[in-house]
Each structure stands twice: as C-alpha cells, then as structure tokens.
C-alpha cells in the first residue's frame, strides 16, 4: 500500500513527471512547510500552465482527538494513519490553505478563509500572508466558494459586524449550496452544533446582491469550470482550472485530510452531511485526477496544500508537496 510521507520531496522536474504534465511546474517561490501547522513562509507561488497560483496559509485547527470525527474508524485507527503519514498524533492536524489565481489581469480567490480567528483562534494568518505575497484583497475580482462551512466562508464577513469584506467582488457558488443553507426553516432543521453558523448565513448572505448562483458544469470564468461534488454538503463543489496545456483541480474538501482518507477512502467524516455520497464523490474525482493527470490542491492538505495521488487497488497514495 502507498502511504504519505513528509520526507517525500518533489523537485520541479520530478513534480512535472508525477503530475504527468507536458512541462515541469514552475515554482516561482520555492517555499515548503516542514510541518502542517507552522510553515516558515506563509505563501507559496507556482504556475499551472498560464495560470499563476498562490497558496496562502490561513492557520490550523489542532483538533483534539474525537471518536466521532471519523464515523467508521476509532481514534486508534486515525492515530495510526497519521503516524504512517509522518504527521503529529497528539492532535488531528487540519490546516487551511486558501488559493488565489492570477489569470491575466484578473485575481480570483478560491474560498475566503476562516475570517481572522472566527473559525479557530490560531487561524488568523490569511491577511498578513496575503499582503506578504503582494496580493491586495481589495483587488480581488471574484471569490469562488466551494461550500458554506465556516472555515471556507467566514472570511467573507467582518468579525463582529458581519460587514462584507468583498462588497465589490463577484461571489460564485453552486446554486444548490446557496439554496440549501438559505431556504426558509433551514436553521430549525440543523443539528444544535450547526444552528449558530446556519443562523449567521441566513441573516447575512441573502442581503448581498453580488452573488452569482451557478449550476453543475458551468464555466464560471474563462478557463474555470465548476463541478458539483456533493456529499460533504449538498452543494459542495470543486473548480477545474484550465491553464492551457495543464489543469488544476481546486478540490476543497473532497479529500480533506489525505493522511486519513487516501489510504481509507471509505472513511466518513463527521462533517460529511451524506457520508456514502461523499465517498462516491471522493473516488470519482480522485480517479479523474489520476486518469487525466490533473494537478490538485485541497483546502486541508499539508501546506502548501497540493500534492499528487496514485491509486493502489481500491485505495490511494498521496505525496504532499513539502520541504525535505
């Protein structure tokens, strides 16, 4: 069985070969994280074809081990998977990386981050790291949302006031996701632990006029297509970016902790609203990435949030892109 290891390193030529790309990936700023929680530099820039990709570190949830986190695995099982991946086992490491795409003169942000401590107290780094990368958030033209979980959308709202952080940007989301969270009576149907988040969404998002609701398969910008990826949430989506001779799948949460779900794709996360559907979606999209030799990044992959998958029977191996 293939396993993930922090000591596996992909150089530029090796990475290109691993992705199956026509040319090597161009690493503009070769910075890798030694651990998933404290990268030495909080941004990492590379190219996928004509598209400049900047991965920006937001922070990490050092989640205490919880027997309910993976519905069909024990804490001992998850610790064993983390150890095999060379990751810490004292907590569940869930880092968060936000991606900004530069396509011509257009800046496109893929999800909005967790809102400077609104998700987790130590997930506060996005603004400073974005500035360090030379990206002015006020010049973001479009924000493409994968789904409405707090670690992906709280960055749309100012802490305390709920004022729009991107009032002039186009906000793109799967219509199914928006409709599910904002439908009348939704908050009352949510589990108690999700009611506060659901209420905030219901109170704030419908007031904004800059939403663009799209359907599965829609071309949401020149060279970017939204693909419905339900299971984690009803309208969870990924985005396929075409850089010409290379492609990138911005995969959000389909494989949110690769150390766990690559070798155990049948595991169901507590935050998957429809576990069996999430498994089906996970397999379908990762199989596509492998078969079509598509580069992939994920919100909760070890920083800088990208890597390569291979298939080994019914399971997967994942090699993160990290420093030796």
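Of everything listed in (1) closer than 30 Å to residue 161 by Cβ; (2) part of a loop (DSSP other than H, G, I, E, B), the single unmet condition for residue 86 is (1).
For every residue, the table says whether it meets (1) in contact with a helix residue (DSSP H, G or I) (Cβ under 6 Å, 6 or more places away or on another chain); (2) farther than 20 Å from residue 81 by Cα; (3) buried (at least 21 other Cβ atoms within 10 Å of the Cβ); (4) modelled with pLDDT of 95 or more.
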| position | (1), (2), (3), (4) |
| --- | --- |
| 234 | yes, yes, no, yes |
| 239 | no, yes, yes, yes |
| 242 | no, yes, no, yes |
| 245 | no, yes, no, no |
| 248 | no, yes, yes, yes |
| 274 | no, yes, no, yes |
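Taking the criterion of being assigned to a loop (DSSP other than H, G, I, E, B) and over 23 Å from the mean Cα position of the chain (by Cα), the residues of the range 207-217 that qualify are 208, 209.
Flag not set for residue 220, criterion: buried (at least 23 other Cβ atoms within 10 Å of the Cβ), touching a strand residue (DSSP E or B) at 6+ places or on another chain (Cβ under 8 Å), touching a residue at least 40 places away in the same chain (Cβ under 8 Å) and in a strand (DSSP E or B).
The values are calculated or read from the model by the stated rules, or taken from the named source; none is laboratory data. Since the model is a prediction, treat every value here as computed from it, not as a measurement. Note: ideal-geometry Cβ built from the backbone for every residue, glycine included; neighbour counts use all protein chains shown.
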